[in-house]
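Q: Attaching a single structure in C-alpha cells format; questions to follow.
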Amino acid sequence: MEGFLFQAFVYLCAAVIAVPIAKRLGLGSVLGYLIAGILIGPVIGLVGSETRELQHFAEFGVVMMLFLVGLELEPRMLWEMRARLLGLGGLQVGITTTLIGIAASLLGVQWSIALAIGLIFSLSSTAIVLQTLNEKGLTKTEGGRASFSVLLFQDIAVIPMLALIPLLALPELAGSGLVESAHDAAALGGEPNAQHGTSLVEGLPGWGYALVVLGAVAFVVLGGHFLCRPMFRYIAGSRLREIFTASALLLVIGIALLMTLVDLSPALGTFLAGVVLANSEFRHELESDIEPFKGLLLGLFFITVGAGIDFGVLFADFGKVLGLTLGVMALKGIVLFALARLFRLAPGDDWLFTLGLAQAGEFGFVLLSFSIQNSVVPPDLSKILALVVALSMMLTPAFFIIYEKLILPRRGGGDEKQADAIDEKGTVVIAGIGRYGQIVNRLLVASDVSTVVLDHEAAMIETLRKIGIKSYFGDATRPDLLHAAGIESAKLFVIAIDDRERAVQLVEHVRRHYPQVKILARAFDVNHLYLLKQAGVDFAVRETFDAALGLGAEALKALGHHPFRVEKMTQAFRLHDEEGLEQMYELWDENPDFSRNRALLARAREHGASLKEAMTSDRLQLHDRTERGWTPPPKGYNNELREEDPAGL
Amino acid sequence: MKSRNDLLNTEMPESPASRATFHRKILILFAHPSVERSEAGQPLAQAAARTEGITLVDLYAEYPTFIIDVDREQDRLLAHDVVVFLHPLYWYSTPAILKEWQDLVLEHDFAYGSKGTALHGKIFFSAITAGGTETAYCDKGYNHFSIRQLLHPLEQMAMLCGMVYLPPFALFGARTALEEGRIDAHVADWVQVLRALRDNRLDIEAARELPKLNFKLNSILREG
C-alpha cells in the first residue's frame, strides 16, 4: 500500500508541477508530461522498472480516447470521410512502410527485420496528435481532419500488422529466451497472447475466426444501438451520478475486453461503440464521464514514455539515435507532404499534416515489443528503435510549436473570413427543456439556429427525441457536462431551468469561465432577476411577466377598450415597469427580506404611485407614451402656417 | 431596450458623425423591412455606414415593434445637417415605419408651427430603389407621373418643415439591377454624392431643379 501511495504521489506531483509550467511556456501539456517523466525517471531515479507495466495500463487511455473520438463522429460523418480514410491513410502506411523498409535494408538490416521496422515506424502517435490538436483548437481544420483520418486508419491497420509480424520470425532468434516479456504485449493492440490463453478464437479455422469477428463487431454495433440506450435510461432514472459513471466505464472496459478476447483492437471496438452512441441523448453525459479518466491515463502514458528513456543507451549511441530519429521523421514528413499535395490540402494545412504526423507512435512500442516476443527483431536493435520512437514523440510538441509560430502567421488574412463564416452559425446551448425551454428552443430551431439542449430528466429527453427534438441527457449545472456540450464555442447560453439557486450559480460559473458567451436566463421573480443580474447575466426576463401582460390586455379588450389603445397602454406599462426595475436595482441588496430595505421600499411605493399616475393621468407620461405623435396639432394652427412662408427658404 | 438591441446584433454600426469635423453631418434613416432579401438597398446602406461623417440608422432594427423613441429621434435630427430617407419605393411612398416615424417625430412646435423651427435650413432628400423602369415614370408610362411628382408629399413635408428639398437619388429597375451589373456603379455614385454633400462640394441650387439627384452628377459636383 505504501509503495503504491508513494508511486502515485510521485507521478501526480511530477505532473502537477511540470504540466502547468509547460503549458504556460506554450509547449503544450504533452511535452509537460514527457518532461515530468524524464525528471522522475532517468534524471532523479524516483521510479524505475515498474513504468513499463504502468505504461500498458496507461495505454488504456488511448482506448478511451478513441471512444470519445467516436462519440464526436456520427456514422454519417464517418461515411463521408471514407475516401480520405482509405486513400490518405492507406497510402501513408503503405508508402512509409516500403520506404523505411528499403532504407533499413540499405543500412544493412535483413529484409524481414527491415519490413518490421518499416511497419513500426509507419505508425504515428494518436495520443499525442489528437491531444495536441484538441488543445490547440485545430481539430476542425482541414489539416486536423486529414490527420485524424490517417491516425484512424493506422489504428485499424495495427490489427493486420500484428498478424503479419509472427510470419517474419527469424529462426536464429527463436527460442533464445526472449519471451520473458510476454505480458509486455500491451492490452492496447489486442494481439494474440497465446501464452496466457486468453483468446477465445485460438485454434479456430479461418472461416470460424472470421465469423466470430463479424459477430463481435455486430454485437458492438447492434448492442450499442439497441441495448445501451434503455440501459442508460434505466440508470439515469436512478439519479445516481457515480453509477452512471460506473456504467460508462463498464461499457468501455467491457467492449475492450470483448475485442481482446476475439483478437481485435480494443481501440477499434470502443471507437465503433462511440460512433454508434454519437447520435444518442447520452452523448454529452458519457463524454463528460469518460473524459477525466482518459486525460489522466493519457497523461500517465506520456509520463511513462518519458520515464522509460534509457539514457545509458542514448548517450552511448547518441549520434546514431539522433540521426535515425531525424532520418525517420524526414522520410515520414516527405511522404506526408507529398500526400497532402496529392489530396490538395490547402497551404498551411499541408504543413500541419506533415509536421503533426511525422513522429512514430505508441503503437510502435506495441509492435516493437511484439516483434521481440516473436523473435523478429534482435533485442540490441530494439533498444535503439525504442529510443527512436520515444525521441520522435518527444520532438513532436516542438514541431507543433514550429507550425504555430512559423506557418500559421504566414497563412494571412484569407482564413479570417472562413472563421467568421463558422462563427456566424454559432450554436446555442439551452439548459432545461421543460415548458419554458421548449418554446425558446422551438423558436431558435425554426429560425435555423443550431441548438444543443440539455436536461436532467431522462424521460423528458426521450419524449422530445420521439417528436424529433435533438436533446441530451445531463445535469446542465455540472461544469464538465457544459464543457462536453461545447459551451466554449457557443455564442449564447440560455438558462431555462426551474431551480432558482442553480440558475444563479450557473450564470456565475459561465460568466467566470467563458466570458465570451452571452447568457440569457429565465427569472422567477424580481428578486431572482436581480440575483441573476448580480451574477452577470446579459439578459433575463421574468417568466410570468409577458404572459400576464397579455392576459391583462385581453381583459381590457373584453371590457370594451379599443384594442389599439390597449396596445399602447400595455407598452406604456411595460416601459414604466422596466424603468422601475432599473431604478430599484440600484437600491436592492441581496437580503431576501425586502421589508428591511427601507430605501427600496420607499422607492417601490413611489414607483407604484407614479405608475398609477402614468396610467390614469391624461397628460405627462401617459400622454408621452400612448398619444405622442398622434396628438393633433392645436385648433387654429392653420392660421400660424398661413402667416409664414417656409417655402421661400 | 438597449440591451435587447445589442443582443440581436442587427443594428448597423453607427459611425459617430459628431467626432469628425466635416462641413455637414448626414443622418440616413434606412427603412427596409426585409433587409436580408435586399439586393440594392443593403449595399447602399453598407456603403453609407462605411463612409466617415455619416450616421446610419436602421429603423426596422432599432424599432422592430414600431415603438419609436420620439426624443431620441428628435435629438438625432438636431445633431445633423442633412436628413436622408433611404428606402425601397412601396406604393409610391415609403415603407410603413418611415411614415410612422414622420407621424411621431415631426411634432407640432418641433418641426412645424410658429415655434417649430428645429429643422429650418437642413437639407432633405430621399434615396429610393424603385422596381419600375425609368420610362414607366412619365405621363405616357404605366406609372403616369414622374418620380418627383409622386414624391410630392415628401417634398411638401420638407417645405413645411423649412428644409431644403433635393430631388430623389433614384435607382430604377431595381429588381434586375444586380443581374445587369448596375449596382456597383450606383453605389459609387451614392458615396460620391454623400461625400460631396458632407464636404460642401455639391451645387445645391443646381441640384434642386434636377429630375433626380443622380441625373448628371458631373454638373452638380465641384472639385474638392
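Q: Go through A:LEU600, A:LEU559 for me and flag whichever is in the same structural domain as A:ASP525 (by TED's automatic domain parsing) and at pLDDT 80 or above.
A: Matching residue, one of A:LEU600, A:LEU559: A:LEU559.
Q: Can you tell me which residue within the stretch B:82-126, out of those that are among the basic types (Lys, Arg) and open to solvent by 50 Å² or more (accessible area, probe 1.4 Å), is farthest from the other protein chains (Cβ to nearest Cβ)? Write out each step before concluding.
A: Filtering the stretch B:82-126 for residues among the basic types (Lys, Arg) gives B:99, B:115, B:122.
Cutting the leftovers down to open to solvent by 50 Å² or more (accessible area, probe 1.4 Å) gives us B:99, B:115.
Numbers: B:LYS99: 11, B:LYS115: 9 Å.
That would be B:LYS99.
Q: May I pose another question? Can you give me the number of residues within the stretch A:375-393 that are surrounded by 23 or more Cβ atoms within 10 Å (Cβ to Cβ) and either part of a loop (DSSP other than H, G, I, E, B) or touching a strand residue (DSSP E or B) at 6+ places or on another chain (Cβ under 6 Å) (or both)?
A: Within the stretch A:375-393, residues that are surrounded by 23 or more Cβ atoms within 10 Å (Cβ to Cβ) and either part of a loop (DSSP other than H, G, I, E, B) or touching a strand residue (DSSP E or B) at 6+ places or on another chain (Cβ under 6 Å) (or both) number 2.
Q: Sort out which residues of the stretch A:542-554 are aliphatic (A, V, I, L, M) and open to solvent by 50 Å² or more (accessible area, probe 1.4 Å), and write them in order of number.
A: Passing the criteria: A:ALA547, A:ALA548, A:LEU551.
Q: Among what's in the stretch A:66-93 and is open to solvent by 20 Å² or more (accessible area, probe 1.4 Å) and not in a helix (DSSP H, G or I), pick the residue that is farthest from A:VAL221 (Cα to Cα).
A: Per the stated criteria, the residue is A:MET81.
Q: Those residues that are away from chain B (no Cβ under 14 Å) and open to solvent by less than 60 Å² (accessible area, probe 1.4 Å), I need them from the stretch A:496-521; list them, please.
A: A:ALA496, A:ILE497, A:ALA503, A:VAL504, A:LEU506, A:VAL507, A:HIS509, A:VAL510, A:ARG511, A:TYR514
Q: Let me ask you something else. Could you grab me the full set of residues in the stretch B:85-102 that are within 26 Å of B:THR21 (Cβ to Cβ) and out of contact with any Phe, Trp or Tyr (no Cβ under 6 Å at 6 or more places or on another chain)?
A: Hit for the stretch B:85-102 is B:PHE85, nothing else.
Q: In addition: Where residues in the stretch B:159-203 are in contact with a His (Cβ under 7 Å, 6 or more places away or on another chain) and within 16 Å of B:HIS80 (Cα to Cα), which of them is least open to solvent (accessible area, probe 1.4 Å)?
A: Across the stretch B:159-203, the extreme among qualifying residues is B:GLY162.
Q: Tell me, please, whether a residue that is assigned to a loop (DSSP other than H, G, I, E, B) and in contact with a helix residue (DSSP H, G or I) (Cβ under 7 Å, 6 or more places away or on another chain) can be found in the stretch A:314-335.
A: Within the stretch A:314-335, one or more residues are assigned to a loop (DSSP other than H, G, I, E, B) and in contact with a helix residue (DSSP H, G or I) (Cβ under 7 Å, 6 or more places away or on another chain).
Q: Could you go through the stretch A:225-235 and let me know if any residue there is in the same structural domain as A:PHE153 (by TED's automatic domain parsing), open to solvent by 40 Å² or more (accessible area, probe 1.4 Å) and in contact with a strand residue (DSSP E or B) (Cβ under 9 Å, 6 or more places away or on another chain).
A: Yes: the stretch A:225-235 contains one or more residues that are in the same structural domain as A:PHE153 (by TED's automatic domain parsing), open to solvent by 40 Å² or more (accessible area, probe 1.4 Å) and in contact with a strand residue (DSSP E or B) (Cβ under 9 Å, 6 or more places away or on another chain).
Q: Restricted to the stretch A:311-364, and to residues that are aromatic (Phe, Trp, Tyr) and under 27 Å from A:PRO42 (Cα atoms), which residue is nearest to the chain's Cα centre (by Cα)?
A: Going residue by residue through the stretch A:311-364, those that are aromatic (Phe, Trp, Tyr) are A:311, A:315, A:318, A:337, A:343, A:351, A:353, A:363.
From what is left, the residues that are under 27 Å from A:PRO42 (Cα atoms) are A:311, A:315, A:318, A:363.
Values: A:PHE311: 36, A:PHE315: 40, A:PHE318: 39, A:PHE363: 23 Å.
The residue in question is A:PHE363.
Q: Next question. Can we say A:PRO292 is under 23 Å from the mean Cα position of the chain (by Cα), in contact (Cβ under 8 Å) with a residue 40 or more places away in the chain and open to solvent by 10 Å² or more (accessible area, probe 1.4 Å)? Reasoning before the result, please.
A: On the way: under 23 Å from the mean Cα position of the chain (by Cα): yes; in contact (Cβ under 8 Å) with a residue 40 or more places away in the chain: yes; open to solvent by 10 Å² or more (accessible area, probe 1.4 Å): yes.
Yes.
Q: May I ask you to list the residues in the stretch B:132-151 that are of a type in the set (D, E, K, R) and in contact (Cβ under 8 Å) with a residue 12 or more places away in the chain?
A: If the condition is that a residue be of a type in the set (D, E, K, R) and in contact (Cβ under 8 Å) with a residue 12 or more places away in the chain, then B:GLU134, B:ARG148 are the ones that fit.
Residues are listed down the side, and each one gets a yes or a no for (1) crowded, with 22+ Cβ neighbours inside 10 Å; (2) on the phi < 0 side of the Ramachandran plot; (3) part of a helix (DSSP H, G or I):
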| position | (1), (2), (3) |
| --- | --- |
| A:ILE120 | yes, yes, yes |
| A:SER124 | yes, yes, no |
| A:VAL129 | yes, yes, yes |
| A:ASN134 | no, yes, yes |
| A:LEU138 | yes, yes, no |
| A:GLY143 | yes, yes, yes |
| A:SER147 | yes, yes, yes |
| A:VAL150 | yes, yes, yes |
| A:ASP155 | yes, yes, yes |
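Q: What about A:ASP480, is it among the acidic types (Asp, Glu), touching an Asp or Glu at 6+ places or on another chain (Cβ under 8 Å) and closer than 23 Å to A:ASN279 by Cβ? First the steps, then the outcome.
A: Numbers: among the acidic types (Asp, Glu): yes; touching an Asp or Glu at 6+ places or on another chain (Cβ under 8 Å): yes; closer than 23 Å to A:ASN279 by Cβ: yes.
The answer is yes for A:ASP480.
Q: Here's another thing I want to ask about it. If you take the residues in the stretch A:1-17 that are under 28 Å from the mean Cα position of the chain (by Cα) and either open to solvent by less than 30 Å² (accessible area, probe 1.4 Å) or modelled with pLDDT under 85 (or both), which one is farthest from A:ILE40 (Cα to Cα)?
A: The selected residue is A:ALA8.
Q: Would you confirm whether or not the stretch B:153-165 contains a residue that is hydroxyl-bearing (Ser, Thr, Tyr) and within 14 Å of chain A (Cβ to nearest Cβ)?
A: Yes.
Q: Still on this structure, please answer the following. Which residues, taken from the stretch A:529-542, are more than 14 Å from every other protein chain (Cβ to nearest Cβ) and either within 18 Å of A:LEU575 (Cβ to Cβ) or under 33 Å from the mean Cα position of the chain (by Cα) (or both)?
A: Once the filter is applied, which keeps residues that are more than 14 Å from every other protein chain (Cβ to nearest Cβ) and either within 18 Å of A:LEU575 (Cβ to Cβ) or under 33 Å from the mean Cα position of the chain (by Cα) (or both), the stretch A:529-542 yields A:LEU531, A:GLN534, A:ALA535, A:ARG542.
Q: Next question, about the same structure. Being buried (at least 17 other Cβ atoms within 10 Å of the Cβ) and within 13 Å of the chain's Cα centre (by Cα), is that true of even one residue in the stretch B:139-151?
A: Checked the stretch B:139-151: at least one residue is buried (at least 17 other Cβ atoms within 10 Å of the Cβ) and within 13 Å of the chain's Cα centre (by Cα).
Per-residue answers, yes or no, for (1) within 24 Å of B:PHE110 (Cα to Cα); (2) within 14 Å of another protein chain (Cβ to nearest Cβ); (3) open to solvent by less than 10 Å² (accessible area, probe 1.4 Å):
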site: B:ARG37; (1), (2), (3): no, no, no
site: B:PRO43; (1), (2), (3): no, no, no
site: B:ARG50; (1), (2), (3): no, no, no
site: B:ASP58; (1), (2), (3): yes, no, no
site: B:ILE67; (1), (2), (3): yes, yes, no
site: B:ASP71; (1), (2), (3): yes, yes, no
site: B:HIS80; (1), (2), (3): yes, no, no
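Q: Could you please let me know if B:TYR63 is over 18 Å from the mean Cα position of the chain (by Cα) and within 14 Å of chain A (Cβ to nearest Cβ)?
A: For B:TYR63, the condition - over 18 Å from the mean Cα position of the chain (by Cα) and within 14 Å of chain A (Cβ to nearest Cβ) - is not met.
The values are calculated or read from the model by the stated rules, or taken from the named source; none is laboratory data. Model, not experiment: these values are computed from the prediction. Glycine also receives a Cβ, built like all others from the backbone with ideal geometry; neighbour counts cover every protein chain displayed. Calculation scope for accessible area: heavy atoms of the full protein, side chains included, ligands and nucleic acids excluded. Shrake-Rupley method; radii C 1.70, N 1.55, O 1.52, S 1.80 Å.
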